[in-house]
């Protein structure tokens, strides 16, 4: 069963493999990270962990039983009870409900563990899968935007009712995150 884990230093090799294997798949629906991301991955990974320790961001990976990364769900730009949600799921794992479950779990963590009250998200209009995940997890459309020259939408999620809406399976994932910190 996949489990959600808070990003750690030892996730680096699996995370880099995940990003490389899915680069073209991700680039079809979201802006590409660029070559520099891959060339400077180790330094950037250390920077992200330092920023996470400082409370600026909360990074999570969804891993399988062998420790391979199936996805990531991140909360960035944490400030004043708000954060921006971002997520991506490997091509071979897409369509199995993993993004929805992981986003639900991170919403619960955002509220109960990180003390956040509101999450924001963005996606392109042509990314039907991402729009569906956001709708299923309680995000509401909040206006039009442009993302890398493409039409997009902003979303917002009030977290005040999060714990009541988290299914039992997601609570198990949350316990997994707590134990691994």
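The values are calculated or read from the model by the stated rules, or taken from the named source; none is laboratory data. Source: prediction; values computed, not measured. Quick reminder, even Gly has a Cβ in these numbers, built from the backbone with ideal geometry, and neighbours come from all protein chains shown.
A few notes on this one:
- So residue 38, is it farther than 17 Å from residue 73 by Cα and at pLDDT below 95: yes
- Hey, residue 47 in a helix (DSSP H, G or I) and out of contact with any strand residue (DSSP E or B) (no Cβ under 8 Å at 6 or more places or on another chain) or not: yes
- Scan of the stretch 75-106 for residues that are touching a residue at least 40 places away in the same chain (Cβ under 8 Å) and in a strand (DSSP E or B), ordered by number: 75, 85, 87, 88
- Candidate set: the stretch 134-158, residues that are part of a loop (DSSP other than H, G, I, E, B) and closer than 21 Å to residue 30 by Cα; chosen: the one modelled with the lowest pLDDT: 148
- Residue match in the stretch 41-59 (condition: closer than 24 Å to residue 139 by Cβ, in contact (Cβ under 8 Å) with a residue 60 or more places away in the chain, buried (at least 19 other Cβ atoms within 10 Å of the Cβ) and within 16 Å of the chain's Cα centre (by Cα)): no
To keep it simple, each residue is scored yes or no on (1) within 23 Å of residue 155 (Cβ to Cβ); (2) part of a loop (DSSP other than H, G, I, E, B).
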{"position": "14", "(1), (2)": "no, no"}
{"position": "51", "(1), (2)": "no, no"}
{"position": "61", "(1), (2)": "yes, no"}
{"position": "65", "(1), (2)": "no, yes"}
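- Any hit, the stretch 159-181, residues being modelled with pLDDT of 90 or more and part of a strand (DSSP E or B): no
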